[in-house]
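Participant: The structure follows.
The values are calculated or read from the model by the stated rules, or taken from the named source; none is laboratory data. From a predicted model like this one, the values you see are computed outputs, not experimental measurements. Cβ placement follows ideal geometry from the backbone for every residue including glycine, while neighbour counts extend to all protein chains displayed. SASA here: full protein model, heavy atoms, side chains in, ligands and nucleic acids out. Shrake-Rupley method; radii C 1.70, N 1.55, O 1.52, S 1.80 Å.
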Number of protein chains: 2
Amino acid sequence: MNADVRVGVLASGRGSNFAALVAAAAQGRLGARIVCLITDNPSAPVVATAEAAGVPVVVVDPGTRHGRLGTEAEQRIVDALRAHGVHLVCLAGFMRIVGPVLLAAFPGAILNVHPSLLPSFPGLDAQRQAFEHGVQVTGCTVHFVDAGIDSGPIVMQQPVQVHDDDTLEALTARILAAEHRAFPAAVRQWAEGRLRIHGRRVARLEATTVSRHPGAGHPVHGEA
Amino acid sequence: MNADVRVGVLASGRGSNFAALVAAAAQGRLGARIVCLITDNPSAPVVATAEAAGVPVVVVDPGTRHGRLGTEAEQRIVDALRAHGVHLVCLAGFMRIVGPVLLAAFPGAILNVHPSLLPSFPGLDAQRQAFEHGVQVTGCTVHFVDAGIDSGPIVMQQPVQVHDDDTLEALTARILAAEHRAFPAAVRQWAEGRLRIHGRRVARLEATTVSRHPGAGHPVHGEA
């Protein structure tokens, strides 16, 4: 395990994906350690989770633009991530759209988890979108973050079956369980330096062929 | 098995899904029998497959509109389906968009199989769309046909994993194998009268609770 890869998490809510990342790190399944939580919401339950886990918390005023981050807020987040020596940024239920300042500061090093099989059902309330559309298979997606909404190259997807007698609540819970498996696994692949981006496609090197050292996680962009 | 449910298939090409339906019927897995093949392409390989299986073939000139059926062609197809006493219409690689005449003649009784997990990648070349988008999970969808393109209520979906070292050809073959499993299974559920449409969602009755008789397959539209 390469515990020298340092992960910063951005979250706004309950923080169950943050907790899944912390648990994976504690069990040696993450290949990295969680060095800070940054939130736009000081009253979010994730703050207490981080404090209980001994992870430093940084609260950043998101600025005025609803759904987006102001440029100053983005710069304060970048400053906080750099102050904690972060290599990889994980969005775990972060309810703001990441802008150009953060994207430019961490190229190829921002991952998000989304509760659908993208490109189906991007945006808010993806589980409900899928449920109401009547799909039989939905799931979750871990992807690199780009300037679009839930549009970056896909690292990992896990399918989740929808049952005829499902409820939205039960389906959401099963998707969340899939997120808790997929996100730590994807972070580990990044931390082990195994991810290669070719155009829109992401491929993995064999685990045994990669030398592990700090910064090894930065994916190499191949030819499209 | 209710072999009194009569299925007409529309196909334009190779006909491997037609062959899968014929094989399922021969093995008693379809709950229905295939009573005619209708094609817009007299030189399609599916014609020889039908002739070899002893299924009557009707060739219909599609009319002039590329990608669509002319109204006269639609009416000739409806006439042929009625002449063969068809209850359920299956589109198996039929390369024309079904219009209002056919839709009105077989309400809730036209199924299509599509090589993606809809609503991702509707339209042509869905396997390539998914491959080039870089998804890790794609699959196939059997759905009721409505006036949109690959947009009707979903009856059945099967996920197919995309491998890092996949080729489009290998992926397409695995999706096709999933289609060959899903389409006969969906037809059987229709033929057994088990499908109920609620708005966009399709649910199944338990197999044991349904009485089977000709026409039982017609799904009941419930409240949305």
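Participant: Does at least one position in the range B:69-80 carry a residue that is open to solvent by 10 Å² or more (accessible area, probe 1.4 Å), touching a residue at least 60 places away in the same chain (Cβ under 8 Å) and either away from every other protein chain (no Cβ under 14 Å) or aliphatic (A, V, I, L, M) (or both)?
Facilitator: yes
Participant: Does residue B:78 satisfy the condition of being over 23 Å from residue B:179 (Cα atoms) and assigned to a strand (DSSP E or B)?
Facilitator: Spelling it out, it is not the case that residue B:78 is over 23 Å from residue B:179 (Cα atoms) and assigned to a strand (DSSP E or B).
Participant: Does residue B:167 qualify as being open to solvent by less than 50 Å² (accessible area, probe 1.4 Å), over 27 Å from residue B:197 (Cβ atoms), among the hydroxyl-bearing types (Ser, Thr, Tyr) and more than 11 Å from chain A (Cβ to nearest Cβ)?
Facilitator: no
Participant: List the pairs whose first member sits in the range A:117-131 and is among the charged types (D, E, K, R), whose second member is in a helix (DSSP H, G or I), and whose Cβ atoms are under 8 Å apart, counting only residues at least 6 apart or on separate chains?
Facilitator: Pairs that qualify, where the first residue is among the charged types (D, E, K, R) and the partner is in a helix (DSSP H, G or I), are A:128/A:168.
Participant: Can we say residue B:134 is open to solvent by less than 40 Å² (accessible area, probe 1.4 Å), at pLDDT below 95, out of contact with any helix residue (DSSP H, G or I) (no Cβ under 7 Å at 6 or more places or on another chain) and not acidic (Asp, Glu)?
Facilitator: So residue B:134 does not fit the description; no.
Participant: Which residues, taken from the range A:143-161, are more than 19 Å from residue B:119 (Cα to Cα), of a type in the set (Val, Ile, Thr) and either more than 9 Å from every other protein chain (Cβ to nearest Cβ) or open to solvent by 10 Å² or more (accessible area, probe 1.4 Å) (or both)?
Facilitator: Result: A:145, single match.
Okay, residues lined up against (1) part of a helix (DSSP H, G or I); (2) among the basic types (Lys, Arg):
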residue: B:14; (1), (2): no, yes
residue: B:20; (1), (2): yes, no
residue: B:24; (1), (2): yes, no
residue: B:28; (1), (2): no, no
residue: B:34; (1), (2): no, no
residue: B:38; (1), (2): no, no
residue: B:43; (1), (2): no, no
residue: B:48; (1), (2): yes, no
residue: B:51; (1), (2): yes, no
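Participant: Consider residue A:55 against the criteria (1) out of contact with any Ser or Thr (no Cβ under 6 Å at 6 or more places or on another chain); (2) open to solvent by 50 Å² or more (accessible area, probe 1.4 Å); (3) part of a loop (DSSP other than H, G, I, E, B): it satisfies all of them except one. Which criterion is unmet?
Facilitator: Exception for residue A:55: condition (2).
Participant: Right, here's the next one. Do you know which residues across the range A:81-104 are assigned to a helix (DSSP H, G or I) and either in contact (Cβ under 8 Å) with a residue 12 or more places away in the chain or open to solvent by less than 10 Å² (accessible area, probe 1.4 Å) (or both)?
Facilitator: Result: A:81, A:82, A:100, A:101, A:102, A:103.
One line per residue, one yes/no per condition, for (1) within 21 Å of residue A:95 (Cβ to Cβ); (2) aliphatic (A, V, I, L, M); (3) within 13 Å of the chain's Cα centre (by Cα):
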residue	(1), (2), (3)
A:110	yes, yes, yes
A:115	yes, no, yes
A:126	yes, yes, no
A:141	yes, no, yes
A:148	yes, no, no
A:165	no, no, no
A:179	yes, no, yes
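Participant: Say whether the condition of being open to solvent by 10 Å² or more (accessible area, probe 1.4 Å), in a loop (DSSP other than H, G, I, E, B), touching a Gly at 6+ places or on another chain (Cβ under 7 Å) and within 14 Å of chain A (Cβ to nearest Cβ) is met by at least one residue in the range B:116-127.
Facilitator: The answer is yes, given that some residue of the range B:116-127 is open to solvent by 10 Å² or more (accessible area, probe 1.4 Å), in a loop (DSSP other than H, G, I, E, B), touching a Gly at 6+ places or on another chain (Cβ under 7 Å) and within 14 Å of chain A (Cβ to nearest Cβ).
Participant: Quick check on my filter: what residues within the range A:180-201 are open to solvent by less than 10 Å² (accessible area, probe 1.4 Å) and part of a helix (DSSP H, G or I)?
Facilitator: Listed by number, the residues that qualify are A:182, A:183, A:184, A:186, A:187, A:190, A:191.
Participant: Tally the residues that are over 14 Å from residue B:53 (Cα atoms) and either charged (D, E, K, R) or buried (at least 18 other Cβ atoms within 10 Å of the Cβ) (or both), restricting the search to the range B:25-37.
Facilitator: 4
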